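Notes follow the structure.
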Amino acid sequence: MALIVQKYGGTSVGTVEKIEGVAQKVIATVEQGNQVIVVVSAMSGETNRLIELAKQIDDCPAPREYDVLVSTGEQVTIALLSMAIMKFGHKAKSYTGAQVNIRTDNAYSKARIIDIDEARVRADLEAGNIIVVAGFQGMDEQGNITTLGRGGSDTTAVAMAAALKAEECQIYTDVDGVYTTDPRVVPNARRLEKITFEEMLEMASLGSKVLQIRAVEFAGKYGVPLRVLHSTEDGPGTLISYDNEGETMEDAVISGIAFNRDEAELTITGVPDQPGIAYQILGPIGEANVEVDMIIQNVGADGCTDFTFTVHRTDYQKALEILEKTSQKLGAREVSGDATIVKISLVGVGMRSHAGIASTMFKTLADDSINIRMISTSEIKISVVVDEKYTELAVRALHKAFDLEEKPAA
Ligand code: ADP
Ligand code: ASP
Ligand code: MG
């Protein structure tokens, strides 16, 4: 008897009818001779609604209370799903994160899972129950409720699968797998049969929100086979695994295109070109807990240089204020910024051994008169920052240039 962990996201449990559909899908898996643990998100829109309520009281609510609030959405769905499973004649038991002993650190809103005590769940499974677990939440050492960051139910599912050594962790969502890029932006994007953890981690880190980054990290670390599938349509989905042996993906240079509209760009010009300048500019930013992503420092001229970097868009105002103070201190020429940028990235392990990828990327953007503001490269990705208004145009052009489209059946 195999143990399967299934996770259903917000849109898949968005109505009572959909919850009943999920119950039937879970029961079908059990009737095929498997044990099932189901992890669910809050009903679609619910987490955003809760965040909005908090903001009506305080723009910066107390982190502990914020997590108590936003974790409630998932408690609704576990109860409803368990009721639906029981209505269809099977035994079910719901658990909040704390009840299932998902222990986390105390970093509210972005807590990391430390440990899961799986004994109780194991006993309930053996007694013939379908276990329904609230995603996105845990409990710290002091018994405080914590949450795992947006999209965190994916991580709950993978962590449960790792702790109970499940055969597979299946992530059911509103697309039938991982695509070469977001199918909402490129309708003829191609579903991937398989993708490596390394590539998926890069895609997730660079903005493909189909899986939470930590879920992919966790699955890679504990060797949990992870599959993304459609919650209402049948199909093989996409398997995320260590290698792509025997697949056509082997030959692919680029596995996909990710884009991230959550960043903002800041520039300080005319700063003294001297040792320690990067530290003087970025030190105060880091001390304010603002994460910096891309960084460019120009070659100095006349003893001065310019510096550009990107931060998360929610940290933009904070970073701008800090940079203005630094500018006064250093006697810099000017501080400027732009919160309407997008970072577009080509991802692929095959890129390591192929020259000419970058030049094709730059030429494709040039042909559409899209100005590149920043560039960064690594062995398996090339990222550019461009004006946000070109997102669709740039992603579609690159998708075509690198021949990533779904081909009509021969
Ligand atoms: P859920 O609520 O089920 O967790 P999400 O909205 O978090 O669903 O993730 C699914 C969405 O991810 C899709 O609707 C799709 O628009 C988006 N997405 C972004 N990049 C990709 C990609 N490369 N492949 C598939 N989906 C993607
Ligand atoms: N409900 C949470 C969110 O909307 C967690 C999740 O859906 O994975 O981010
Ligand atoms: Mg999600």
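The values are calculated or read from the model by the stated rules, or taken from the named source; none is laboratory data. Being a predicted model, the structure only gives us computed values, none of them experimental. Positions of Cβ are backbone-derived with ideal geometry, glycine not excepted, and every protein chain shown enters the neighbour counts. The protein model used for the area step is the full one, side chains on, heavy atoms only, and it has no ligands, DNA or RNA in it. Shrake-Rupley method; radii C 1.70, N 1.55, O 1.52, S 1.80 Å.
Structure values in brief
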| quantity | calculated |
| --- | --- |
| Kirkwood-based Rg to Rh ratio, the chain, C-alpha trace | 1.01 |
| Cα→Cβ-extended label distance, 7 Å offset, between Gln297 and Ala119, nm | 5.5 nm |
| Lys7 long-range amide H proximity, modeled H, under 5 Å | Val39, Gln170, Ile171, Tyr172 |
| Efficiency of FRET from Cβ geometry, Asp367 and Glu321, R₀ 51 Å, rounded to 0.05 | 0.85 |
| Built amide H within the under 5 Å cut-off of Ser208, gap 5+ | Phe259 |
| Amide proton proximity set for Gly256, modelled H, under 5 Å, gap of 5+ | Val347 |
| Antiparallel bridge percentage (DSSP; both residues within the chain; nearest 5) | 60 percent |
| CD proxy at 222 nm, helix term only [per DSSP H run n ≥ 4: -39500 (n - 2.57); per residue of the chain; nearest 500] | -10500 deg cm²/dmol |
| Distant alpha-carbon pairs in the range 150-216 (separation over 14 angstrom), percent | 61 percent |
| Hits among aspartates and glutamates - C-alpha to C-alpha of Lys165 under 17 Å, sequence gap 8 or more where chains match | Asp115, Asp117, Glu118, Asp124, Glu126, Asp154, Glu217 |
| Tail beyond 18 Å, pair distance distribution of the range 60-114 (Cα, percent) | 45 percent |
| Estimated vicinal HN-Hα couplings, Hz - the range 98-110 in sequence order (Karplus 6.51, -1.76, 1.60; Gly, Pro = x) | 5, 5, 8, 6, 7, 8, 10, 6, 9, 7, 3, 6, 8 |
| Fraction of accessible area attributable to carbon and sulfur, the range 29-104 (%, probe 1.4 Å) | 54 percent |
| Restraint check, Lys55/Lys110; Lys25/Lys407; Lys7/Lys194; Lys93/Lys194; Lys329/Lys389, Cα-Cα greater than 24 Å | Lys25/Lys407; Lys93/Lys194; Lys329/Lys389 |
| Cα-based Rg and Dmax for the range 109-251, where Dmax is the largest Cα-Cα distance (Å) | 15.9, 50 |
| Whether the range 31-184 is rounded, prolate or oblate, judged on the alpha carbon gyration tensor where a/c under 1.5 counts as rounded | prolate |
